[in-house]
6 protein chains.
Amino acid sequence: MPKSSKTSKAAVKPVVAKSAKPQPALRAIKGGMAKPAAAPAKAMSQKLAPVPADDAPVIALNLPPAKLSPAMAAYFRKCQDKLGFVPNVLVAYAFDMVKLETFVAMYNDLMLGDSGLSKLEREMIAVAVSSQNRCYYCLTAHGAAVRQYSGSPLLGEHMMMNYRAARLNKRQRAMLDFAVKLTAQPWTIEEGDRERLRRAGFTDRDIWDISAVAGFFNMSNRVASATDMRPNTVYHSQAR
Amino acid sequence: MPKSSKTSKAAVKPVVAKSAKPQPALRAIKGGMAKPAAAPAKAMSQKLAPVPADDAPVIALNLPPAKLSPAMAAYFRKCQDKLGFVPNVLVAYAFDMVKLETFVAMYNDLMLGDSGLSKLEREMIAVAVSSQNRCYYCLTAHGAAVRQYSGSPLLGEHMMMNYRAARLNKRQRAMLDFAVKLTAQPWTIEEGDRERLRRAGFTDRDIWDISAVAGFFNMSNRVASATDMRPNTVYHSQAR
Amino acid sequence: MPKSSKTSKAAVKPVVAKSAKPQPALRAIKGGMAKPAAAPAKAMSQKLAPVPADDAPVIALNLPPAKLSPAMAAYFRKCQDKLGFVPNVLVAYAFDMVKLETFVAMYNDLMLGDSGLSKLEREMIAVAVSSQNRCYYCLTAHGAAVRQYSGSPLLGEHMMMNYRAARLNKRQRAMLDFAVKLTAQPWTIEEGDRERLRRAGFTDRDIWDISAVAGFFNMSNRVASATDMRPNTVYHSQAR
Amino acid sequence: MPKSSKTSKAAVKPVVAKSAKPQPALRAIKGGMAKPAAAPAKAMSQKLAPVPADDAPVIALNLPPAKLSPAMAAYFRKCQDKLGFVPNVLVAYAFDMVKLETFVAMYNDLMLGDSGLSKLEREMIAVAVSSQNRCYYCLTAHGAAVRQYSGSPLLGEHMMMNYRAARLNKRQRAMLDFAVKLTAQPWTIEEGDRERLRRAGFTDRDIWDISAVAGFFNMSNRVASATDMRPNTVYHSQAR
Amino acid sequence: MPKSSKTSKAAVKPVVAKSAKPQPALRAIKGGMAKPAAAPAKAMSQKLAPVPADDAPVIALNLPPAKLSPAMAAYFRKCQDKLGFVPNVLVAYAFDMVKLETFVAMYNDLMLGDSGLSKLEREMIAVAVSSQNRCYYCLTAHGAAVRQYSGSPLLGEHMMMNYRAARLNKRQRAMLDFAVKLTAQPWTIEEGDRERLRRAGFTDRDIWDISAVAGFFNMSNRVASATDMRPNTVYHSQAR
Amino acid sequence: MPKSSKTSKAAVKPVVAKSAKPQPALRAIKGGMAKPAAAPAKAMSQKLAPVPADDAPVIALNLPPAKLSPAMAAYFRKCQDKLGFVPNVLVAYAFDMVKLETFVAMYNDLMLGDSGLSKLEREMIAVAVSSQNRCYYCLTAHGAAVRQYSGSPLLGEHMMMNYRAARLNKRQRAMLDFAVKLTAQPWTIEEGDRERLRRAGFTDRDIWDISAVAGFFNMSNRVASATDMRPNTVYHSQAR
């Protein structure tokens, strides 16, 4: 224990306090009880504890934040209210409102929109894909989501470490086998792979969703790795 | 080694001819006009030349097309007018308007929006990434785009086959080295890699754009491979 | 294996309470010995709660437990006293006293014996190597150890997810680069690699220790993966 | 997405025009007729259109051309007459008549000699193998051959990009699966792999031929990559 | 480690004669009596170009030998008596008696102790694993052991070069398939892999032993590669 | 290829004995001048279990031998006279005289013809490449050649097991680094790699030769692996 981690203790504290209320992640946000006003990014930084070294800067690129659009300002406030923080991926994209809004739109549709896959299943794909790509940001943020949605800290660890170690039902195992193969060797996916999903009970629309979520995290993993994106430290202790 | 190439002339012709008209798959959607059970494919085939086997169906999933939203109907018309066809990736996403619109929004911002990277450079990244992932759809569609933007059929082939064989300037070589490394081993990208881009003249915003485009095609490659998405055959002969 | 980690005690406490009863696998072993003197393990079994499904059975091989040798019985008691549980890897090896004792002897010398590497550094190697090999058992048990020794939950996560994301000093980075390269492509290690360690301040004896620890976990990862060894669930919540 | 492709027309033209004339590199050799110290490259450039940057020099090694043997002089003339050019691979080997002649003899036997495989099938193997090895020269030259023999520009693209995307019959699919596995992991080929070919209708002699063609391009791909061999630019526009 | 391999004595003889004297590195440990160059190498050097000392120093780390413990001194003498030399791996570990003794204890239990696997089978695993990891030390030392135990120089070569080329019975093939998969991709081992071993006739205890031996050589290969450990040259000519 | 290999029945002894006699396939062709058996292996073979016939049939394809052309009959006789046997690769190709003759012509030019590389260096490349490809036939036959040309059994083992373990001069190390990189990832070879060879003293012609030899064995390795080609057992004991 050579390391004195006094500074990080403090930083973690509010997080721990916050994490006492398990929040159902982004679902809560969608509820959308718009709180009024406040200048977005600025107001936030006044309210938040000093950022621990690990997640500052949020990315390794020097991109001055843009003025949040009204929609995004409202969205950030909603995150703050419901989650207690704004996910750093949003902070990272906030240098450009078009990029932020298209990212948020695609993310929310894929991960929170209507689908034959449960939200937990989509998060499981997110983490298994991110594990294949060894993406620190996404493993952290979505590992927490798996823990929260499932209520099982173990499941989060399995997805992060090696999804094959989890005791999954056939459906979820087939889903993750497909997503991880698609991640590692996309050029080898063929009709036989889709057939395996159908035999596990997935519809063609489900197959699209599995593919789209796996694809999305193959994108996000790379944006995060390319920019050294740092997850909010609060994630680490959530739902343990 | 000597072979006469006379016989192949005829074969190429029909492809070009066909490409002047919208493909059948598209037309069902483009109509937007919910012809209920009115066997849309049939109606189409009466008006059009037979569909070449290679791009029908557009994807290997059975996803009934949705009614195009006004924005998307207009966009498809614009494609038809300017390109002479609607890219099959749009046809593929047209089973769900939210998914189609978010995809189009992200795509157009990344590939056509304001950036320190030229449109050609963004297409070069698209093809080099898709080559790493051996994605038939994206290599075809974006290979054509590289040929068109550059006016160089050679450059398109280089990007498709092995970008290292192209005689690129330092800037573009550094850009593609980063994008391909990010594709193949995203977990190994570090500050040194970003520094190499900066030394080649890229700004931090440029680095974001390189990363975002590379990330986007890592997503698209996987959606395309997962669904066996077929490119419009017209691409193959474009700008040769 | 027992480590005195005073600060972590508190964190572990609730866990200890939960794990007040022996895991089934351990109990099975204990049962195996119809000996009167077998009190210590028995005492344990009275205190422990039912085991969650995830770590039972401890391995996927049916190997009847042997009678613990006096030395090993004492060692298991010590684990129980100091840690509040017996690590499942010990339970797994307990079908054969020679195998258990040689494993314990090598483990304790490598991980707890005299070395120019701190105990934390040795655990960091253990986790980075286990991450390369995606070993569920070792990531779990030694991830907890990194958290405990460092007092930094973050460092544990970094080692598990991608050690390159951690903000390490030169020494520790060089150490992990060597250990992970040795894990992934041992045949490519050459004098240049050792020289890099020397330049980072390591002695030749340190280089042996880095190699030996990395080697040891390449062994343990494989024994654990081959047998589907399950970590004590208590690890997951330790030192978060 | 819409882009006008008008600008690319002009660019393609010169390539086609040029292809009607022998390339400079060839001419030095084709002379074969000992122009002694007549600074070959220079002399050539006086008579011909400027060499397109992409295929000059033919290789990145400075190997002065040898005097063509009578057999090779005749062969080069035949190439010129039938193809309109001498393939650059021949130009590359022409620094040494023994090497050129043995290469030509092996090539012609394998690719044009008697076999249970059609010439098209042999070219399909050539391209699928070259795609696995990402060989710019061979993909270009043999991609053109697939287009010519098959009359299908599509088939050429499939072989180049990802043979799994082609809609092949069982025989051809089995043939390419074997050739590509043999390319990527030759040490894993076993009786089961040969049996799969036999079940797809291949004789033992056919299996030899598949292996020999795949082997040959594993050689050629490496000679081409090692020397940065550049394909005649004329190939790119052939049989599109 | 000492094995009585009577059959191989004859073949080994000239070698044994040469190796009747301690190697330089060992000598340092045993007595430190700096004798000048031994004769045998000299004799050789009269016929051939001077042979570089392939196995000196034994490792590329400067680790002064410790005084041998009585047990280890006896063990080294036994090696010398039975084998005619002390294996360099023991010389390498002899800088620290605890490390040497724990290594010897684990090695002897695994490779020479009671098991459902024959000693030859354990050596076959050692070599197949070491071939996957391209470990010069272990291939040399254990390749010799396979030749000795089997009386088949061929089998040693098969294990070293590509175990798939050996004509093995089902049992031994299944055993090596498992060991090599466990070496190359330990994270993919699952119940199906264990089931395949059971179907080939292995008990659960046998599966442990296969795993433990494969694991052990994954450790030893890495210690050897990390330290550039050099095998006693005598191995090369043993039992040919 | 006659499949009956009567002579191979009796263990190791016949290996040496056999080597004096024509192999079955060859015998059909050749006169069959029996040389007296060598003594040494005899003692061993009396004690050992019967060894399976490792090199019969020569390949796993049923290809009836063709009548040897006069040139090839003379060549086979020369092999028999000089080597004491006909290399099985020649027996394998002897089903077709054109294939046999072109193979022999290319082989002899590359491996025995004029070059800035010594014959030993070319054989070193052959073995290092074959080790990368884990080719049993070529490792055996050319491993023997390295031992013979160098007079160093050690060098043969180094090339087979891991060329990085050999203590090579700069020239030979650079040569093998190039050849092995060209084998493993041909698409990554660029001018920098050629420059490294030039700095190590190689001419452009030498670079061609390194590439051509490496290329040739990438072909031969695959033909051998595809057909399960078996090396003459005599190789194993040569020049030990």
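In nanometers and ordered shortest first, the copy-to-copy spacing of the D:ASP114 label point, defined 7 Å from Cα toward Cβ, is 3.7, 6.7, 6.7, 7.2, 7.9. At an R0 of 45 angstrom, the distance between the Cβ atoms of C:ALA74 and C:ALA184 translates into a FRET efficiency of 0.70. Work out, in µm²/s and without decimals, the Stokes-Einstein translational diffusion coefficient of segment E:91-149 at 4 °C, 1.567 mPa s, Rh from Kirkwood over C-alpha pairs. It comes out at roughly 105 µm²/s. Counting Cβ atoms of other protein chains within 10 Å of each residue's Cβ and taking the mean over peptide A:76-82 gives 0.
Compactness of segment E:150-240 is given as radius of gyration and Dmax, 14.9, 42 Å, from Cα positions. Accessible surface calculations at 1.4 Å, restricted to protein heavy atoms, place segment A:189-240 at 24 Å² per residue. First check a/c for segment D:161-210, with a ≥ b ≥ c the square roots of the eigenvalues of its C-alpha gyration tensor; if it is under 1.5, answer rounded, and if not, answer prolate when a/b is larger than b/c or oblate otherwise. Oblate. Per residue of A:130-139, other chain Cβ atoms within 10 Å of the residue Cβ number 5 on average. In order along segment C:69-81, phi translates into HN-Hα couplings of 5, x, 4, 6, 4, 5, 5, 4, 4, 5, 4, 4, 5 Hz, rounded to whole numbers, per the Karplus curve 6.51 cos²θ - 1.76 cosθ + 1.60 with θ = phi - 60° and x for Gly and Pro.
Remark: segment F:202-207, residue by residue, has Karplus-estimated 3J(HN,Hα) of 8, 7, 4, 5, 4, 5 Hz, where x stands for each Gly or Pro and the curve is 6.51 cos²θ - 1.76 cosθ + 1.60 at θ = phi - 60°.
Between this copy and the others, label points of F:ASN169 are 4.5, 4.5, 5.2, 5.8, 7.0 nm apart in ascending order, each placed 7 angstrom from Cα in the Cβ direction. Distance from the C-alpha centroid of segment C:163-197 to that of segment D:63-139: 46 Å, rounded to the whole angstrom. Its relative contact order, with pairs defined as Cα atoms under 8 Å and 6+ residues apart, puts segment D:144-240 at 34 percent.
Distances between copies of F:GLU195, taken at a point 7 Å out from Cα along the Cα→Cβ vector and listed shortest first: 2.0, 2.0, 5.2, 5.2, 5.6 nm. Couplings 3J(HN,Hα) of segment B:168-173, computed from phi: 9, 6, 4, 4, 6, 5 Hz, in residue order, whole Hz [Karplus 6.51 cos²θ - 1.76 cosθ + 1.60, θ = phi - 60°; x for Gly and Pro].
Between the amide H of D:LEU68 and those of D:GLY32, distances stay under 5 Å, these residues lying 5 or more places away or on another chain, with hydrogens modeled in the peptide plane. The heavy atoms of E:ARG77 offer some 130 square angstrom of accessible surface to a 1.4 angstrom probe. For F:102-112, what's the mean count of beta carbons from other chains sitting within 10 Å of each residue's beta carbon? Averaged over the peptide's residues, the number is 4. Amide H to amide H, with H built 1.01 Å from N, A:ASN232 comes under 5 Å of A:ASN88, counting only residues 5 or more places away or on other chains.
Counting only protein heavy atoms and rolling a 1.4 Å probe, how much accessible area do A and B lose on contact, total for both sides, in Å² to 100? Chain pair A/B: roughly 3900 Å² of buried accessible area.
Take every Cα pair under 8 Å in segment C:56-213 that's 6+ residues apart, average their separations, divide by the length, and report that relative contact order as a whole percent. Rounded, it is 20 percent for segment C:56-213.
The values are calculated or read from the model by the stated rules, or taken from the named source; none is laboratory data. Please read these numbers as outputs of a predicted model, since none were measured by experiment. FYI the Cβ positions are ideal-geometry reconstructions off the backbone, even for glycines, and counts take in every protein chain you see. Side chains included, ligands, DNA and RNA excluded: accessible areas come from the protein's heavy atoms. Shrake-Rupley method; radii C 1.70, N 1.55, O 1.52, S 1.80 Å.
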